[in-house]
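In what follows, a structure is listed as structure tokens, so that the remarks can point back to it.
The values are calculated or read from the model by the stated rules, or taken from the named source; none is laboratory data. All values derive from a computational prediction rather than experimental measurement. A quick note on method: Cβ atoms are made from the backbone with ideal geometry, for glycine too, and the neighbour counts reach across all protein chains shown.
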Amino acid sequence: MEKKRIMTVFGTRPEAIKMAPLVGALMEHPNLESICCVTAQHREMLDGVLQLFQIQPQYDLNIMAQQQSLSQITSRCLLGMDQVLQEAKPDLVLVHGDTSTTFAGALSAFYHKIPVGHVEAGLRTYDKYSPFPEEMNRTMVGALADLHFCPTAANRDNLLREKIAGEMFITGNTVIDALKTTVVPGYQFTDERLNQLNFKEHKVILVTCHRRENYGLPMQQIMLALREIAERFEDVQLVYPVHLSPIVRETAMKYLDGVPRIHLIDPLPADEMHNLMALCYFVMTDSGGLQEEAPALGKPVLVLRRETERPEAIAAGTVRLAGVEQDEIVALATQLLSSEAEYERMARAVNPYGDGRACDRIVKGILWHFGLCTEKPLDFVP
Ligand code: UD1
Ligand code: UDP
């Protein structure tokens, strides 16, 4: 029997981490041929993930430029994808999440009349500018996609309410599949500074911050809050792997460089990051992926944003929205550092986002779509 040709398209660090286990699952299936195309919207941060998960893409558009604009990313992806799709002629294109690569990948497949599968479909804030431009990227891909792989039932319900067409599956998030392979007991870091952290005596707070809607005043406020926390609490150590975006790096250096108890380090390989998260006291972040990973590892999260498209862990009590104002962020961090009861209330391992079998469900959904199996995969239930 001829194999169905399934092309995965991704370009940034989080897409790669969340697509890596799926690429592996596609490669293993005898009825499917996996074709991997990276846009390299990120270069170094993507390459680290490809190396970790031993993925060798068949196509690499290599589009990244310093301080790239949204239009540059989208247009370079579209032009590059034209040639790739003409040559590879996949039966299905899989995109992930909400980046500019995701949107351009789905739009390009649509221009070539190739069906689109959207992994991590249906997350919404319903605020066009937050997250920006991700909210609209994800919404537009929802309109273009034929298969929607929703992590949770609430994500699927969003699509149903919007009367989106196509086949829908509730799969869990593939990030939990990835996490199950990276976190190991007794992990030794390659960065000696991380090995030297004393996780028993100090409260290690893991920090990340990179979102475009936080550029400018919100990011300054976040940095000032981090500084105040480090100054106020002598038993705290803040570890902040700083994103390679020059705007983020400049802001972090300006406000935090040299502040005692704050460690500004380069982005970590995904396995180092996941193991550091498993050991830390709590997480402060504006990242999407960290909001899913930390609850699974039993770590409280303060979200450095005004809203989130991931309300499930807030409902479960392990994530709180801290906003983007210095006073509010410091107040919530202080509560978590000072009240054992509050900490214990939040530090419970919950898995509203997945059980580690999302890729299996997605592969079964694809087989079902092509008539290669008779039963639709069962929905993920937390
Ligand atoms: C992108 C995504 C965002 C996602 C984030 C994950 C869009 C619009 N945004 O935002 O949804 O949360 O990735 O990290 O798709 N850079 C490097 N090397 C790298 C990566 C980035 O030098 O490996 C620098 C470049 O100067 C680049 C800049 O960072 O121009 C910003 O990268 P870009 O992909 O445009 O935006 P992110 O903020 O990373
Ligand atoms: N991550 C990583 N190294 C780092 C910071 C983050 O491997 O130094 C991982 C993190 O564990 C998660 C993903 O990158 O799996 C999240 O990516 P990011 O925060 O850049 O993007 P978002 O999820 O907000 O789109």
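Does any residue in the stretch 1-20 that is without any contact (Cβ under 8 Å) to a residue 24 or more places away in the chain come within less than 7 Å, Cβ to Cβ, of a residue that is among the small types (G, A, S) and assigned to a loop (DSSP other than H, G, I, E, B) six or more places away or on a different chain, and which pairs are these?
Sorted first by the residue in the stretch 1-20, then by its partner, the list stays empty.
Out of V242, V303, I need the residue that is at pLDDT 95 or above, near ligand 2 (Cβ under 9 Å from one of its atoms) and within 21 Å of L217 (Cα to Cα). Which one? Walk me through it before giving the result.
Details: V303 fails: near ligand 2 (Cβ under 9 Å from one of its atoms).
Exactly one of V242, V303 is at pLDDT 95 or above, near ligand 2 (Cβ under 9 Å from one of its atoms) and within 21 Å of L217 (Cα to Cα), namely V242.
With the requirement that a residue be surrounded by 17 or more Cβ atoms within 10 Å (Cβ to Cβ), of a type outside the set (G, A, S) and closer than 24 Å to Q237 by Cβ, what does the stretch 326-365 give you?
Hits for the stretch 326-365 are Q326, I329, V330, L332, L336, L337, M346.
Consider only pairs whose beta carbons are under 6 Å apart and that are at least six residues apart or on different chains; among these, list those whose first residue lies in the stretch 252-273 and is free of Cβ contacts under 8 Å to residues at least 60 places away in the same chain and whose second residue is crowded, with 17+ Cβ neighbours inside 10 Å and of a type in the set (F, W, Y).
What qualifies is L264/Y240.
Which residue pairs have Cβ atoms under 6 Å apart, sit 6 or more places apart or on different chains, and have a first residue in the stretch 112-141 that is at positive phi and modelled with pLDDT of 95 or more and a second that is crowded, with 17+ Cβ neighbours inside 10 Å and part of a helix (DSSP H, G or I)?
Every condition considered, the pairs that remain are G122/N155; G122/R156; G122/N158; G122/L159.
Cβ-Cβ distance below 8 Å, separation of 6 or more or different chains: which pairs start in the stretch 33-59 with a residue that is closer than 17 Å to P21 by Cα and end on one that is buried (at least 20 other Cβ atoms within 10 Å of the Cβ) and of a type in the set (D, E)?
Taking only residues 6 or more apart or on different chains, the pairs are L52/D271.
Answer yes or no: is there a residue in the stretch 93-105 that is of a type in the set (D, E) and either surrounded by 23 or more Cβ atoms within 10 Å (Cβ to Cβ) or within 30 Å of N31 (Cβ to Cβ) (or both).
Among the residues of the stretch 93-105, at least one is of a type in the set (D, E) and either surrounded by 23 or more Cβ atoms within 10 Å (Cβ to Cβ) or within 30 Å of N31 (Cβ to Cβ) (or both), which makes the answer yes.
With respect to the numbered conditions (1) free of Cβ contacts under 8 Å to residues at least 60 places away in the same chain; (2) of a type in the set (F, W, Y); (3) part of a strand (DSSP E or B), which one is the sole condition not fulfilled by F149?
Condition not satisfied by F149: (1).
Residues being basic (K, R) and within 16 Å of ligand 2 (Cβ to nearest atom): count how many of those fall in the stretch 119-170.
2
Taking the condition within 16 Å of ligand 2 (Cβ to nearest atom), β-branched (V, I, T) and surrounded by 19 or more Cβ atoms within 10 Å (Cβ to Cβ), does V49 pass?
It is true that V49 is within 16 Å of ligand 2 (Cβ to nearest atom), β-branched (V, I, T) and surrounded by 19 or more Cβ atoms within 10 Å (Cβ to Cβ).
E325 - would you say it is in contact with a His (Cβ under 7 Å, 6 or more places away or on another chain) and away from ligand 1 (no atom under 13 Å from the Cβ)?
Numbers: in contact with a His (Cβ under 7 Å, 6 or more places away or on another chain): no; away from ligand 1 (no atom under 13 Å from the Cβ): yes.
No, not satisfied.
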